[in-house]
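Report on the structure given below.
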Amino acid sequence: MKKVMKFAVAAVMFASVAAFANENDNVKAKEGAGKAISFTMNGTKDVHVSLYSNDGTEIFDEQIKNKDGKVSRTYDLNALPEGTYFLEAETTAKVERHQITVSEGKAIVSEETTEILKPVVHNDKGIVTVNINSNAAPVQIKVYDDFNNEVYSETFANSTVAKRFDISKTVAKNFTLVMSYNDKQFVETLAAR
């Protein structure tokens with residue numbers, strides 16, 4: 001009964017974090033003049049912005065920190081050849097991906113945005129809880145010890161995963177969790193004690 005109650009509390013906390021993230025993060029990428037695009041994000045003080053080509057090559061990378069919780073940038077894409085590109089904005093809670101098409105001297109931002117919620121990992125004295133709410137399966141979790149030995153690996157067929165690990169009584173001092181889904185990989189290192 002205690003385990004069921006703890007799991008329910010963890011699920012409610014995860015849902016609250018996800019709802020909070022959706023309320024306060026608002027990404028708007030819109031067309032500018034020519035091949036320029038404007039990017040605005042509200043409700044976050046720290047955002048990582050990257051621009052990728054269609055084949056996944058990183059073209060641009062910027063870490064933005066702001067005190068007032070509003071980030072606004074304009075990017076000039078005139079140096080880019082015609083093609084499809086992706087602007088990714090990553091906060092502590094999620095990754096948003098916008099498709100940009102550069103064609104005929106202008107940049108067009110797709111109306112559709114892909115949103116990937118980041119995993120929620122909680123370590124309480126060596127009891128690690130991982131909650132993942134992905135919009136697509138499969139979800140893969142791997143755990144590595146201090147010596148990079150794989151000590152756990154599982155692929156889940158469903159897109160919502162809640163997993164618990166007890167790392168408190170192990171020889172290793174640290175563990176690295178690698179969580180992969182939606183073509184993204186999230187890595188977190190945790191102390192066992």
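Given the alpha-carbon gyration tensor of the stretch 68-116, what are the semi-axes of its equivalent ellipsoid in whole angstrom, ordered largest first, with each equal to the square root of 5 times an eigenvalue?
Details: eigenvalues 103, 38, 14 Å².
Listed largest to smallest, the semi-axes of the stretch 68-116 are 23, 14, 8 Å.
Going highest first, how would you order 151-160, 130-139 by mean Cβ packing within 10 Å?
Details: 151-160: 12.7, 130-139: 18.3.
Packing order, densest peptide first, comes out as 130-139, 151-160.
Leaving out ligands and nucleic acids, and using a 1.4 Å probe, what accessible area per residue does the stretch 122-193 come to in Å²?
Working: 4150 Å² over 72 residues.
Heavy-atom accessible area per residue stands at 58 Å².
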Using mean Cβ contacts within 10 Å as the protection proxy, how do 180-190, 82-92 order, highest first? 82-92, 180-190
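The values are calculated or read from the model by the stated rules, or taken from the named source; none is laboratory data. Just so it is clear, the structure is predicted and the values come from calculations on it, not from any experiment. Every residue, glycine among them, receives a Cβ derived from its backbone with ideal geometry; neighbour counts consider all protein chains shown. All accessible areas refer to the heavy atoms of the entire protein, side chains included, with ligands and DNA or RNA removed. Shrake-Rupley method; radii C 1.70, N 1.55, O 1.52, S 1.80 Å.
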